[in-house]
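Asks: Have a look at this one before I ask anything.
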Amino acid sequence: MEEEKENIQFELTDELLAQVEDLIASREDKELQKLLNDFHYADIAEILDELNLEQAIYVIKLLDSETTSDILTELDEDIREKVLKNLTAQEIAEEVEELDTDDAADIIAELPEERQQAVIDRIEDEEHKAEIEELLAYDEDTAGSLMAKELVKVYETWTVAGCMRRIRGQAKEVTRVHSIYVVNKEEKLIGRLSLKDLIVAKSEQKISDLVKVNVDYVNVKEDVEDVAKIMAKYDLEAIPVVDEHKTLLGRITIDDIVDVLKEEADKDYQMAAGITGDVDSDDSILQLTRARLPWLFLGLIGGVGAFIIMEGFKGLFTGKAVILFFFTPLIAAMAGNVGVQSSAIIVQGLANDDVKGSVNSRLLKEMLLAALNGIILALFLFVFIWIFEGELNTALAISVSLVVVIIVAGLIGTFVPLFLDKRGVDPAIATGPFITTSNDILGILLYFWIAKMILGI
């Protein structure tokens with residue numbers, strides 16, 4: 001039945017949402033259960049995201065814990081927080097007992113500290129409780145906080161026949177068996193076991209004869225971003241997690257890594273747009289203001305800086321040279337755009353671990369690229385100004401300024417994220433308002449200075 005649910009093409013329509021709301025309002029529980037049972041838990045979560053809080057809680061309490069526990073993991077974070085606030089500690093404990101340890105720990109970690117222990121105390125399965133507490137003890141954004149304790153583990157001394165008997169029991173606790181891990185008597189990871197090799201092997205063969213010792217693994221203290229890079233590089237569906245003694249502690253599966261990548265992409269996108277903190281469109285006006293205001297203030301400071309520079313060159317805005325004033329927005333825009341383009345490419349490369357070679361080689365390449373782009377654009381601008389104004393020197397001054405500004409903006413856009421990355425600062429902060437504002441100011445300064453030199457004013 002689960003496979004059939006996964007293959008249904010779900011689409012949340014207004015008609016479906018209205019049908020669910022009507023069934024809730026009329027308290028037709030059996031009809032509502034029958035309707036929702038045809039959907040995957042992720043689809044039900046999508047429905048609940050669109051209901052009001054009272055309706056969502058009604059559905060959560062109506063369905064069985066085996067289903068609603070999975071639904072909770074798929075709910076929008078803000079909706080889930082509100083739902084959990086309206087469930088008792090006992091009800092939450094019943095939900096997390098149905099989940100794998102990693103998902104259960106994630107749910108409990110979202111609760112206020114005083115409620116966390118209350119929920120843990122009500123978990124009846126002592127082993128499950130102990131494993132959840134272990135995961136909660138790991139620092140956030142480490143492999144330990146992301147791993148699940150559920151896995152299939154065998155000992156190198158076992159025979160194939162004995163192994164087959166024992167893994168049947170272990171597999172019942174694991175949603176998907178990606179790999180079978182082999183350990184020694186000290187619980188240290190030796191390697192992995194191919195299910196195919198296990199099936200075709202003779203019953204009396206030892207696991208030590210079948211084990212593949214070349215296995216990728218990560219330390220429990222490894223940063224989750226590094227874990228994601230390793231799994232992406234080697235196309236892994238799961239990776240074992242060990243401690244400093246190589247003791248097998250758990251495993252991380254690809255679904256958790258996808259969540260990490262999505263969260264990092266969202267964070268980098270917001271940072272590049274000049275938004276600090278983790279916010280979304282449903283947050284309060286005060287929260288959104290706090291997230292946006294710092295970078296907007298930086299833009300304001302940049303505008304004041306540009307004014308001060310232009311004030312210092314106000315002597316240029318006389319006679320035929322007044323045309324320089326009208327090209328100021330173009331120069332500032334080109335500087336900002338080139339800087340953002342350069343920094344975005346570097347930030348993306350750093351995120352994907354694709355940036356190779358020295359900083360100097362990167363800067364040289366960017367300088368040549370910027371120079372080529374700048375010359376092409378400057379030639380077009382030169383012809384336009386010459387035809388429009390008929391002033392050769394003015395066209396030359398503006399065009400040369402454009403080339404220099406583009407080269408400098410490209411170098412800054414390349415150097416800043418590389419520098420920040422070397423210092424352990426998220427390079428995504430280099431994109432957006434930071435680069436745009438700094439290049440706007442520097443671009444205007446170079447523009448007027450070069451124009452003044454060429455025009456001899």
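Asks: Name every residue in the range 130-139 that is over 22 Å from the mean Cα position of the chain (by Cα) and surrounded by fewer than 20 Cβ atoms within 10 Å (Cβ to Cβ), in order of residue number.
Replies: ALA130, GLU133, GLU134, ALA137
Asks: Also, I was wondering about something else. Any residue in the range 365-388 that is touching a residue at least 12 places away in the same chain (Cβ under 8 Å) and acidic (Asp, Glu) sitting within a Cβ distance under 7 Å of a residue that is open to solvent by less than 80 Å² (accessible area, probe 1.4 Å) and assigned to a helix (DSSP H, G or I)? List the pairs, counting only those 6 or more apart or interchain.
Replies: GLU366/SER342; GLU366/GLY410; GLU366/LEU411; GLU366/THR414
Asks: Right, something else. Being part of a helix (DSSP H, G or I), at pLDDT below 80 and β-branched (Val, Ile, Thr), is that true of even one residue in the range 278-298?
Replies: Yes, that holds for at least one residue.
Asks: Any chance you could count how many residues in the range 400-428 are under 17 Å from LYS267 (Cα atoms), touching a residue at least 12 places away in the same chain (Cβ under 8 Å) and outside any loop (DSSP other than H, G, I, E, B)?
Replies: 4
Asks: Out of all the residues in the range 90-111, is one or more open to solvent by 10 Å² or more (accessible area, probe 1.4 Å) and without any contact (Cβ under 8 Å) to a residue 12 or more places away in the chain?
Replies: There is no residue in the range 90-111 that is open to solvent by 10 Å² or more (accessible area, probe 1.4 Å) and without any contact (Cβ under 8 Å) to a residue 12 or more places away in the chain.
Quick grid of which residues meet (1) surrounded by 20 or more Cβ atoms within 10 Å (Cβ to Cβ); (2) at pLDDT 85 or above:
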position	(1), (2)
ILE412	yes, yes
PHE415	no, yes
ASP421	no, no
VAL425	no, no
ILE429	yes, no
GLY432	yes, no
ASN439	yes, no
GLY443	yes, yes
ALA451	yes, yes
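Asks: Now for a separate question. Check GLU186, GLU173, GLU225 and return the single one that is open to solvent by 80 Å² or more (accessible area, probe 1.4 Å) and at pLDDT below 90.
Replies: Sole residue among the options that is open to solvent by 80 Å² or more (accessible area, probe 1.4 Å) and at pLDDT below 90: GLU173.
Asks: Assess whether GLU127 counts as being part of a helix (DSSP H, G or I) and either at pLDDT 95 or above or out of contact with any His (no Cβ under 6 Å at 6 or more places or on another chain) (or both).
Replies: Yes; evaluated as a whole, the condition is true for this residue.
Asks: Which count do you get for residues in the range 190-222 that are part of a helix (DSSP H, G or I), open to solvent by 70 Å² or more (accessible area, probe 1.4 Å) and either of a type in the set (A, V, I, L, M, F, W, C) or in contact with a Phe, Trp or Tyr (Cβ under 9 Å, 6 or more places away or on another chain) (or both)?
Replies: 3
Asks: If we keep just the residues of the range 39-84 that are under 17 Å from LEU16 (Cβ atoms) and in a loop (DSSP other than H, G, I, E, B), which is farthest from the chain's Cα centre (by Cα)?
Replies: Here the answer is LEU63.
Asks: Scan the range 320-346 residue by residue and report those that are under 11 Å from LEU402 (Cα atoms) and aromatic (Phe, Trp, Tyr).
Replies: PHE327
The values are calculated or read from the model by the stated rules, or taken from the named source; none is laboratory data. All values derive from a computational prediction rather than experimental measurement. Neighbour counts run over all protein chains shown; Cβ positions are idealised from the backbone, glycine included. Calculation scope for accessible area: heavy atoms of the full protein, side chains included, ligands and nucleic acids excluded. Shrake-Rupley method; radii C 1.70, N 1.55, O 1.52, S 1.80 Å.
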